[in-house]
Structures are given as structure tokens and as C-alpha cells.
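The values are calculated or read from the model by the stated rules, or taken from the named source; none is laboratory data. Everything quoted here is computed from the prediction, not taken from an experiment. Here the Cβ positions follow ideal geometry from the backbone for every residue, glycine too, while neighbour counts run over all protein chains shown. Keep in mind that these areas ignore ligands, DNA and RNA; they rest on the heavy atoms of the full protein, side chains included. Shrake-Rupley method; radii C 1.70, N 1.55, O 1.52, S 1.80 Å.
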Amino acid sequence: MKKFLAVLLGIFIFLGAAIYYIHLNVYASGGTPKVESQQQLKHEILKNLNEVKPDFTIQTKYPIYKAKEAEQQLKSVFKEISSVGNYGFGNLDGYSYYISSTMGFTKIEIKTFYLTTADQEKKIHHKVKKIIQNNHVQKMTDFEKVFFINGYLASHIEYSENATHGGHSAYAALFDHKAVCQGYALAADLLLRESGLKTKYITGKVKGENHAWNKVKLDGKWYNLDITWNDPMPDRGERYRLNYFLISDNQLAKDHMWNYDSLFQAKSKKYEGLMNAQAFTVDNNNVFYTLPNDSNLYK
């Protein structure tokens with residue numbers, strides 16, 4: 001299950017501490033104010049997190065007397081992206097912030113702590129590119145890309161906490177070949193994006209336990225992809241399932257719970273016929289499969 005971040009509702013949560021600072025220095029100089037809305041603030045935070053920056057500064061157009069408003073928007077943004085984020089947010093282990101001013105405008109300095117080191121991030125991104133290139137994923141159709149990534153990760157990862165970062169990182173998934181749901185979902189996020197697909201890192205709950213999975217966009221429609229639950233336990237090597245492969249919110253809601261923006265709703269049931277597929281393969285963008293207790297071959 002996902003190692004849920006205490007940072008979602010806190011100012012700075014790291015090793016059990018909760019600390020924040022607001023320093024109002026109206027005589028500070030340098031920099032150009034930029035952000036003037038919560039949506040822009042969210043964009044800047046997600047962009048910097050996705051680049052796994054250890055610290056970054058956001059200049060705003062809020063006068064310093066509105067520092068409290070900027071602080072509230074900052075907390076609202078982190079609460080909002082607690083359900084729908086990106087790789088950088090999913091890889092976040094804690095953060096702190098410091099509010100000051102530049103030429104009378106509010107400035108937010110954010111210090112971040114990640115599950116991975118800068119060196120590990122380089123290795124992760126190098127391997128992601130290598131997987132996509134070596135398997136000629138860019139030549140595949142969008143459906144084939146998702147099918148390949150689901151199968152690749154489910155076949156190469158064993159569900160286990162006995163790994164680097166307790167299995168919560170993409171590094172654990174790709175190098176230790178052991179991970180929990182957070183590691184599966186983070187590795188999937190990177191592979192899906194490297195293959196050219198739009199994807200979201202989703203967090204929620206299953207049976208009261210924290211959980212993470214992905215959403216991916218095909219032909220203008222969002223679908224749920226839970227590779228962790230497509231990987232049988234105990235591990236069966238290269239054998240995997242399609243039970244949670246490109247399914248709708250209605251189907252996922254039977255055992256998953258979440259809270260995210262309506263923009264990412266998954267309504268299409270186009271691929272749900274594959275949920276009970278027992279043996280399957282893809283050829284020329286067609287899926288050939290069999291069903292339990294059924295001798296027919298379906299296309």
C-alpha cells in the first residue's frame with residue numbers, strides 16, 4: 001500500500017516534526033513577481049516537483065500584506081494534489097516553506113525531501129528511456145503501449161516492502177524489482193509519459209488502506225490502470241492479469257475509493273471485456289484472449 005505522505009495537510013512533515021516560518025521583509029530585493037492565482041501556483045509547484053528539484057522559489061503578485069492568503073493557497077494546492085498529482089508529488093517525502101517578500105510582493109521558498117537521491121533519479125530516467133527504446137514502444141499504438149507497460153511492470157516486479165525505500169519508489173520497482181503500490185504507480189507514470197501518453201498519479205484507499213494507481217488517457221478518454229492489482233500474489237513471474245486494466249470509475253469503485261477532480265473521470269467501459277481474460281496476446285492492435293471455463297478464442 002502507498003506510504004501516505006503526512007505532508008498533504010501539514011506545513012512541513014518530516015521525521016515527526018511540524019515546522020513553518022513566515023518572514024515578512026518588505027525591503028527584500030530581486031526577482032520578478034509572477035504567480036497571481038491558485039491555479040498558477042499549482043502549476044508551478046507541480047512543474048518543480050516533477051523535475052524533482054530539492055528546493056525552488058515562487059515569485060507572486062500578492063502584496064506582502066496578503067501573505068496569509070498566499071500561505072492558505074499553498075496549503076490548498078498541496079491538499080488538492082494529494083489525490084491527483086504527478087511523479088514528483090508521488091516521490092515527495094516531505095517539504096517545508098518560507099514566506100518572505102521581494103519589493104513588497106510575497107515570495108514562497110519551498111524546500112523538498114524526496115524518496116530518491118539525485119543519482120538515483122538519473123539512473124531511473126536512464127532505465128525508463130532504455131526500456132521504451134529497447135522494446136520499440138514508440139512504434140506501438142497507444143493501446144499497445146499501455147498493454148506493454150502493464151505487462152512489463154507486472155512481470156518484472158514482485159509486491160514486497162523488502163526493497164530500497166521500503167518499495168515505495170520507482171527506483172525500488174525498476175532496480176530491486178520489488179515494490180508496493182506506490183513504487184508500481186510511480187514507475188508506470190514515468191514509462192507512460194516517456195511513451196507519449198497523458199497520465200495521472202492517483203491516490204486513494206482500498207479496504208481502508210492507502211493505495212496508489214494510475215489514470216491514462218486513450219483517444220481522448222481517461223481510464224484507470226492499477227498494475228499492482230494486475231500482479232498476482234504470490235508472485236507468478238511473467239504471469240499477470242487484466243482485471244484492473246483500462247477500467248471505468250464505476251468498475252474501480254467496487255473496491256477502490258478516491259477523491260479527485262471531475263476533469264479526470266473515467267466513464268468508458270470499452271476495454272472491460274478484458275477483465276476476465278485468462279490467456280491473452282496482442283497482435284496488430286487486436287487482443288486475442290480466452291475466458292475461464294470457455295474454450296472459445298475471443299478477439
- Query: Going 7 Å from the Cα of LYS267 toward and past its Cβ, which residues in the stretch 183-218 have a backbone nitrogen under 19 Å from where you end up?
  - Reply: 215-218
- Report the charge-dipole magnitude of the stretch 54-176 in Debye, nearest 20, computed about the Cα centre from +1 at each Lys and Arg Cβ and -1 at each Asp and Glu Cβ. 440
- Message: Let me check something: with ligands and nucleic acids excluded, how do HIS126, HIS211 order by accessible area (1.4 Å probe), largest to smallest?
- Response: HIS126, HIS211
- Task: Determine the share of the stretch 122-262's accessible area contributed by carbon and sulfur atoms, expressed in whole percent, with a 1.4 angstrom probe.
- Result: 45
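Given a 1.4 Å probe and heavy atoms of the protein chains only, how would you sort SER262, SER169, largest accessible area at the top?
SER262, SER169
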- Förster radius 35 Å - calculated FRET efficiency between SER37 and GLU161 (Cβ-Cβ, nearest 0.05): 0.30
- Query: Put ASP142, ASP189 in order of accessible area, largest first, 1.4 Å probe: what do you get?
  - Reply: ASP142, ASP189
- Message: Residue by residue through the stretch 172-189, what is 3J(HN,Hα) from phi via Karplus (6.51 cos²θ - 1.76 cosθ + 1.60, θ = phi - 60°)? Round to whole Hz and write x for glycine and proline.
- Response: 4, 5, 8, 10, 8, 6, 9, 6, 9, 4, 4, x, 4, 5, 5, 5, 5, 4
- Difference of contour (0.36 nm per residue) and Cα-Cα distance, LYS221 to TYR65: 51.8 nm
- Note on the structure: Residue-ordered couplings for the stretch 131-137, obtained by feeding phi - 60° into the Karplus form 6.51 cos²θ - 1.76 cosθ + 1.60 and rounding to whole Hz (Gly and Pro as x), are 4, 5, 5, 5, 9, 6, 5
